1. With respect to the numbered conditions (1) within 21 Å of ASP171 (Cα to Cα); (2) at pLDDT 95 or above; (3) exposed (fewer than 13 other Cβ atoms within 10 Å of the Cβ), which one is the sole condition not fulfilled by VAL233?
2. Scan (1) of a type outside the set (S, T, N, Q); (2) in the same structural domain as PHE166 (by TED's automatic domain parsing); (3) out of contact with any Pro (no Cβ under 7 Å at 6 or more places or on another chain) for the single condition GLU144 breaks and write down its number.
3. When residues of region 111-128 are filtered for being out of contact with any Lys or Arg (no Cβ under 9 Å at 6 or more places or on another chain) and either free of Cβ contacts under 8 Å to residues at least 40 places away in the same chain or outside any helix (DSSP H, G or I) (or both), how many remain?
4. Which of the residues belonging to region 38-66 are touching a strand residue (DSSP E or B) at 6+ places or on another chain (Cβ under 6 Å) and closer than 20 Å to VAL101 by Cβ?
5. Test LEU217 against the criterion of being over 16 Å from the mean Cα position of the chain (by Cα) and either closer than 28 Å to GLY22 by Cα or modelled with pLDDT under 95 (or both), and give yes or no.
6. Evaluate region 137-156: report whether one residue or more is crowded, with 17+ Cβ neighbours inside 10 Å and farther than 18 Å from LEU5 by Cα.
7. Please pick out the residue among ARG286, ARG240, ARG222 that is at pLDDT 80 or above, in a loop (DSSP other than H, G, I, E, B), out of contact with any strand residue (DSSP E or B) (no Cβ under 8 Å at 6 or more places or on another chain) and surrounded by 11 or more Cβ atoms within 10 Å (Cβ to Cβ).
Amino acid sequence: MSFRLLGPLEIATGSGPLPLRGMNQRAVLAFLLLHANQVVATGDLMQVLWPNGDAPATARKVLQNTISALRGVLARGAVPAHVASLVSQAPGYMLRMAPGVLDLERFRVLADQGREALAAGQPESAARLLRTALGLWRGRAAQELAESGVEWPQLAVVDSSRTAAFEDYCDAELRNGRHHEVIGGLEAGAAAEPSRERSCHLLMLALYRAGHQAEALRAYERLHQQLSKDFGVQPGREVRDLHQAIINQDPALLPSDGPDLDFTSPSDPELDLLFALLALVQRQRRPHVVTLAGGPGGGQGWLLSELASTLRQDGQVTVWHVRTGPDGAALGDDLRAALRRATPYRPLVVVAENLHDVGGGVPECVGEVIRTAGRTPLLVVLTARAEPESLWPGWNAAVPWATTIMV
């Protein structure tokens with residue numbers, strides 16, 4: 001069983017939640033849960049029930065009846081005393097709870113473990129722990145109380161700890177190279193708390209790594225305007241430094257390189273050359289186009305199959321197959337879509353087959369993508385029945401960094 005404070009208040013058992021009646025029971029229980037295994041003074045609980053100081057003469061009796069009702073809920077739910085018990089202890093009451101019964105406690109333990117893993121340079125473990133911690137949340141802490149206007153500082157602290165854990169999670173995922181996955185959550189967080197600097201810092205970095213420099217700079221401007229409006233201050237040095245680094249396109253903003261790709265092939269020179277070109281684009285962070293030229297049955301299909309199979313097993317490289325279309329329009333659309341999903345540090349292989357069936361717009365489509373790819377480690381692999389220059393005059397001038405392999 002568990003006591004759930006991270007969302008609608010609930011005492012969950014194997015046979016369903018135990019019934020809580022009225023706001024008095026919920027408010028007292030929530031306050032005791034926020035101070036689990038601590039004595040809470042009677043005066044503090046009375047303040048919970050009558051926050052405006054207008055407690056009636058029967059206030060102490062009302063509180064006693066509420067405590068008795070909560071004990072009845074635990075008794076009817078057959079909650080073992082060693083799991084949870086509500087005891088009287090001067091100068092008030094204490095809700096004794098076994099370890100791991102309260103979701104707030106589990107969240108804090110997991111979040112602390114995640115931060116420790118992050119500090120130890122273990123972002124994958126950190127992300128997993130923090131994801132589990134955040135998964136315990138079902139809404140705002142003591143949601144029904146918050147929605148009724150309750151504004152306890154303790155609830156604000158708990159809600160803030162959720163935001164901090166989410167920021168730690170995004171930090172870990174950025175170190176894992178998953179900037180696309182965290183952008184949406186960071187944008188929502190920045191919109192909800194527009195003056196929160198760490199969320200903005202992480203959002204700026206995620207946007208920049210996703211190739212959205214302009215959006216990253218706009219995020220900074222929104223933060224700057226909000227802080228100036230609300231507090232008359234500018235963002236802190238860390239955010240300002242990141243802003244300047246984004247303007248300068250500082251290479252240090254990209255994660256450190258992983259190990260060089262190392263593939264072995266069964267002594268096939270064409271396949272060896274493909275893998276060598278892939279390692280080159282990773283090392284130099286520069287795009288390259290390779291055309292496998294040859295007639296039907298010349299080995300193009302086998303090379304592509306071996307390349308894709310090896311890359312799928314390795315898991316270090318993303319492979320994207322694109323359409324062509326008779327006039328090259330689909331080719332251009334799909335190449336641009338692939339480039340939007342590319343990252344500056346994870347190699348991307350884009351495969352387009354049978355380009356001899358496409359019209360004369362191929363050099364322009366491919367050349368545009370290569371020129372706009374910047375420092376993306378992108379390898380475009382094309383197949384055609386002849387050398388590109390013979391199919392599309394002007395290919396060599398339109399497409400920089402290109403290689404043809406005759407097969």
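1. (1)
2. (3) is the only condition that GLU144 fails.
3. Count: 8.
4. Looking only at region 38-66, we keep the residues that are touching a strand residue (DSSP E or B) at 6+ places or on another chain (Cβ under 6 Å), and these are 39-42.
Passing the criteria: VAL39, VAL40.
5. Values: over 16 Å from the mean Cα position of the chain (by Cα): yes; either closer than 28 Å to GLY22 by Cα or modelled with pLDDT under 95 (or both): no.
For LEU217, the condition - over 16 Å from the mean Cα position of the chain (by Cα) and either closer than 28 Å to GLY22 by Cα or modelled with pLDDT under 95 (or both) - is not met.
6. No, because not a single residue in region 137-156 is crowded, with 17+ Cβ neighbours inside 10 Å and farther than 18 Å from LEU5 by Cα.
7. Values: ARG240 fails: in a loop (DSSP other than H, G, I, E, B); ARG222 fails: in a loop (DSSP other than H, G, I, E, B).
Exactly one residue qualifies, and that residue is ARG286.
Quick grid of which residues meet (1) part of a loop (DSSP other than H, G, I, E, B); (2) of a type in the set (Phe, Trp, Tyr); (3) over 37 Å from the mean Cα position of the chain (by Cα):
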position	(1), (2), (3)
LEU335	no, no, no
ARG340	no, no, no
THR343	yes, no, no
VAL350	no, no, no
HIS356	no, no, yes
VAL366	no, no, no
VAL369	no, no, no
ALA386	yes, no, yes
SER390	no, no, yes
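The values are calculated or read from the model by the stated rules, or taken from the named source; none is laboratory data. Here the structure is a predicted model, which means the values were calculated and not measured. Methodologically, a virtual Cβ is constructed for each residue, glycine included, from the backbone with ideal geometry; neighbour enumeration extends over all protein chains shown.
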